[in-house]
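The values are calculated or read from the model by the stated rules, or taken from the named source; none is laboratory data. Note that the coordinates shown come from a computational prediction; the quantities given were computed from them, not determined experimentally. Note: ideal-geometry Cβ built from the backbone for every residue, glycine included; neighbour counts use all protein chains shown.
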Amino acid sequence: MSTLATPPTAPSSLERAWSLAELEMSLLWRNKTAVVTAVGFTPVLVVLGVRVFDGLAGGHLTASLTVLLATFTLLLGSYYNLTTATVARREEGMLKRLTAGEVSRAEVLVAIALPHFLLALVQTALAFVGLSLTVGTPNLTYVFLAFLAFLGGAVMLSLLAFATSGKTRTVESAQLTTMPLLMVAPAFGGLFFPLDVLPDAVRTVAELTPLAPVVELLRVGLGAAGPDGTELVAGLATTGRPLAVLFAWLVLAAYLARRSTRWDARR
Amino acid sequence: MNTTAPVIEVSGLRRTYRGSSAKESFEAVRGVDLEVHRGEVFALLGTNGAGKTSLLEVVEGLASPSAGRVRVFGHDPVAERRHVRPRTGVVLQHSAFPPDAKVLEMARTWGRTLSEAQPVEEVLELVGLAHRADVAAGALSGGERRRLDLALAIMGRPELLFLDEPTTGLDPESRSTTWQTVRGLVAQGTTVVLTSHYLEEVEQLADRIAVMHAGVVVREGTPAELVAGQAARIEFTLASDERLPELRGEHVAVRSHGTVRHVVTTHALEDDLRALLAWGARNGLSLGALDARSASLEQLFLDVARSADDATVTPQEIPA
């Protein structure tokens, strides 16, 4: 009975974070609104995507739809839901309570972020498999780039979620504070239209928005078609720039999270 | 007195909350020196806003001091938290749990983050929550939530336990369960640092007390030392106007509802009480609603709060 409670040796940092993450996952699972939203969201996006990517078919369509899904599940999970969850944990006093024990702040943040990341990953993976079987299999030569983009995007958005939570007073006001990123990032991320159609100056700026490098790398990684219908794989050499932009955003997001995350409830 | 190194050493500690402008900045702790020794029960008293929680958070390692030095078991509680945290337990003034998390689930999760955890069921039993193991935290009463908090704090068998108002808002039964648990830990040698608004409880439990006001410690000593300088009170009513005998203390009389209420504040409780009783017996007078009480911590507390309103408080330390 007590084997669960008395580990033979002190738990590692990873084990502590995982213990908390397991609790967070159970709590997320019990939050039916979040689960239903997450599950119902996927088919809606697929239907929407099929209309947007009118001229695409087969593997190219699968790739473009997966990029769309990956980006939106991350935005919804690792940004919006995570911001809300962090504010809720802070306001109920749980965040501070956790850091009064052996768990470090970083471990707490990892634990809160992990369930949202895993949910987005599972959603995207399931959709990808489903689409591959029904619509067509894309060219996955550089699939590691897609993983890198997904993971990097999740970490960046999670850090931005922590930073946003620090500027959010209540769970309800998270709907407002998350708005800027939720509106701007997808619009200028190259999700619905290729950034090439934008005037040069606007395009340069758009390429620097947080989701742009994630979308670009996902597209290359999943073998999506370029704006002219050609394979993007040939353009692997051009991934240096989005990788650099993503890295810069990771650094900036880490800085913002460190500076803005609040641990104390506002009283 | 105690030859071993103190468990907690605090010197010149200051804590400032930075506002967006210099005007909004607020110094909650303004130079505190403290030592807490192994096995001691140390109580921090003070009015709301005196700086108790702000001070505790720094000692607990939840915040860094703006100035000064803190050592817990000889370590910096922030920079060397790895050496400190496995040995401390904390009950914060405010904390709660995700409403959907069940008691046992919450306790098990916490236990798995500790270096050395007592069996979860035993701890829940100890704080009187075993029968509520499957209840969601959101459905617990305030007292039960506080006891769950205590369960988490003691689960790692801490050598040093911080309790920030552990019984505020609890019903008498919950309070009693909480103090019973704490007494058991103290008996096993746990060092306890606590704050509470229940002065009688503090008086019974604490070995040493520091009274804080406006960010500084204004009095420090054992409960006996602290109340030693305070006056005792005798109160009673008489049916008619009578001239009291010569007393050593000060005397005030107030007429109300046809009787006269007398209050004597004195440093010679026994002498004055004996004189009054003898005088009453001699004159065939009954001292109605007679109440005689020794100097109390409560009186000291009120005096500190009042003198502080008079702006200047001179820090004073009673040598141990």
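Given region B:170-250, what strands (runs of 3 or more DSSP E) lie entirely inside it while holding 3 or more residues that are over 24 Å from B:Ser54 (Cβ atoms)?
Correct list: B:232-238.
Among the residues of region B:120-169, those identified as part of a loop (DSSP other than H, G, I, E, B) and either within 20 Å of B:Ala101 (Cβ to Cβ) or among the β-branched types (Val, Ile, Thr) (or both) are B:Val127, B:Gly128, B:Leu129, B:Ala133, B:Asp134, B:Val135, B:Leu140, B:Ser141, B:Gly156, B:Thr167, B:Thr168.
Taking the condition of being surrounded by fewer than 19 Cβ atoms within 10 Å (Cβ to Cβ) and either part of a helix (DSSP H, G or I) or in contact with a Leu (Cβ under 7 Å, 6 or more places away or on another chain) (or both), how many residues in region A:108-139 meet it?
Looking only at that region, the number is 10.
Across region B:60-76, which residue is nearest to the other protein chains (Cβ to nearest Cβ) among those that are in contact with a strand residue (DSSP E or B) (Cβ under 6 Å, 6 or more places away or on another chain) and not small (Gly, Ala, Ser)? For region B:60-76, the residue satisfying everything is B:Glu60.
One residue stands out in region A:77-93 among those that are surrounded by 23 or more Cβ atoms within 10 Å (Cβ to Cβ) and of a type in the set (A, V, I, L, M): the one that is nearest to the other protein chains (Cβ to nearest Cβ), namely A:Ala85. Can you find a residue in region A:6-25 that is of a type in the set (Ser, Thr, Tyr), surrounded by fewer than 23 Cβ atoms within 10 Å (Cβ to Cβ), in contact with a helix residue (DSSP H, G or I) (Cβ under 6 Å, 6 or more places away or on another chain) and away from chain B (no Cβ under 14 Å)? Looking through region A:6-25, none of the residues is of a type in the set (Ser, Thr, Tyr), surrounded by fewer than 23 Cβ atoms within 10 Å (Cβ to Cβ), in contact with a helix residue (DSSP H, G or I) (Cβ under 6 Å, 6 or more places away or on another chain) and away from chain B (no Cβ under 14 Å).
Of the numbered criteria (1) farther than 21 Å from A:Gly130 by Cα; (2) away from chain B (no Cβ under 11 Å); (3) under 17 Å from the mean Cα position of the chain (by Cα), the one A:Thr73 fails is (1).
Rundown of residues vs (1) touching a His at 6+ places or on another chain (Cβ under 9 Å); (2) under 27 Å from B:Gly111 (Cα atoms); (3) small (Gly, Ala, Ser), yes/no style:
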| position | (1), (2), (3) |
| --- | --- |
| A:Gly40 | no, no, yes |
| A:Gly49 | no, no, yes |
| A:Gly58 | no, no, yes |
| A:Leu65 | no, no, no |
| A:Leu68 | no, no, no |
| A:Thr86 | no, yes, no |
| A:Leu98 | no, yes, no |
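Quick one: how many residues across region A:72-100 are farther than 20 Å from A:Leu182 by Cα and either among the polar types (S, T, N, Q) or assigned to a loop (DSSP other than H, G, I, E, B) (or both)? So the count comes out to 4.
Within region B:77-106, the set of residues being part of a helix (DSSP H, G or I), facing chain A (nearest Cβ under 8 Å), out of contact with any Phe, Trp or Tyr (no Cβ under 7 Å at 6 or more places or on another chain) and not basic (Lys, Arg) comprises B:Pro86, B:Glu105. Mind checking whether some residue in region B:270-288 is hydroxyl-bearing (Ser, Thr, Tyr) and either touching a His at 6+ places or on another chain (Cβ under 7 Å) or closer than 25 Å to B:Leu302 by Cβ (or both)? Within region B:270-288 (the criterion being hydroxyl-bearing (Ser, Thr, Tyr) and either touching a His at 6+ places or on another chain (Cβ under 7 Å) or closer than 25 Å to B:Leu302 by Cβ (or both)), the answer is no, since none of the residues qualifies.
If the condition is being closer than 18 Å to A:Leu23 by Cα, surrounded by 23 or more Cβ atoms within 10 Å (Cβ to Cβ) and at the interface with chain A (Cβ under 10 Å from one of its Cβ atoms), then region B:119-148 contributes only B:Val120. It is to be established whether one or more residues within region A:118-135 are under 19 Å from the mean Cα position of the chain (by Cα) and within 22 Å of A:Tyr255 (Cα to Cα). For region A:118-135, residues under 19 Å from the mean Cα position of the chain (by Cα) and within 22 Å of A:Tyr255 (Cα to Cα): absent.
State yes or no: is B:Arg282 at pLDDT below 90, loosely packed, with under 15 Cβ neighbours inside 10 Å and of a type outside the set (Phe, Trp, Tyr)? No.
From B:Ser21, B:Ser54, B:Ser25, which residue is closer than 17 Å to B:Val193 by Cα, out of contact with any His (no Cβ under 6 Å at 6 or more places or on another chain) and of a type in the set (Ser, Thr, Tyr)?
Of the residues listed, the single one that is closer than 17 Å to B:Val193 by Cα, out of contact with any His (no Cβ under 6 Å at 6 or more places or on another chain) and of a type in the set (Ser, Thr, Tyr) is B:Ser54.
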